[in-house]
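Visitor: Encoded as structure tokens, here's the structure I'll be asking about.
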Amino acid sequence: MQQDIPETSGFLGTYPNPCAGQVVIDFQLSHSANVRLCLYDINGKLRKILLKRTWQEGYRWSKFNVSDLSGGVYICTLEIDDVQVDVQKILVIK
């Protein structure tokens with residue numbers, strides 16, 4: 001069975017959002033690439049590098065623990081080959 005290859009790269013969603021303990025981030029890649037997911041606070045300060053690895057093209061997801069973060073709005077960025085391609089807001093609740 002052949003997997004469909006997305007035409008573009010970007011976020012597909014986060015759930016649950018708002019989240020308290022763990023969050024799942026869905027994204028797609030149109031080509032094999034070095035991927036980095038970063039989490040910034042509302043002031044633009046880098047709080048966590050969630051993921052840094054090479055992925056093949058296709059539909060991907062990853063689960064992250066956010067229970068160590070303070071409640072508030074965070075910005076998750078998707079970087080592909082060192083270029084920011086998408087942004088997603090995540091609300092962490094306590």
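Coordinate-derived values only; no laboratory data. Because the structure is a prediction, the values reported are computed rather than measured. As a convention, Cβ positions derive from the backbone with ideal geometry for all residues, glycine included, and neighbour counts pool all protein chains shown.
Visitor: Sticking with the crude label model, points 7 Å out along Cα→Cβ, report the distance from ASP82 to VAL24 in nm, one decimal please.
Guide: Distance between the two pseudo-spin positions: 3.4 nm.
Visitor: So, one more: Set the Förster distance to 25 Å, then compute FRET efficiency between ASN34 and ASP68 from the Cβ-Cβ distance, nearest 0.05.
Guide: In this case the efficiency is close to 0.45.
Visitor: Right, next: Karplus couplings for segment 43-58 from phi (6.51 cos²θ - 1.76 cosθ + 1.60, θ = phi - 60°), rounded to Hz, Gly and Pro as x?
Guide: Once rounded to whole Hz, the list reads 8, x, 7, 5, 9, 7, 9, 6, 7, 8, 6, 8, 10, 7, 4, x.
Visitor: Counting only the backbone N, which residues of segment 1-38 are under 14 Å from the spot 7 Å out from the Cα of LYS94 toward its beta-carbon?
Guide: Under 14 Å, as judged by backbone N against the label point of LYS94, lie 20-21 of segment 1-38.
Visitor: Given 10 Å bins starting at zero, what is the percent of C-alpha pairs of the chain in each, up to the one with the largest pair distance?
Guide: 17, 51, 26, 6, 0
Visitor: Scan around ARG47 for amide H atoms under 5 Å from its own, H built in the peptide plane at 1.01 Å from N, and keep only partners 5 or more places away or cross-chain.
Guide: Counting only residues 5 or more places away or on other chains, the set is LEU39, TYR40, ASP41.
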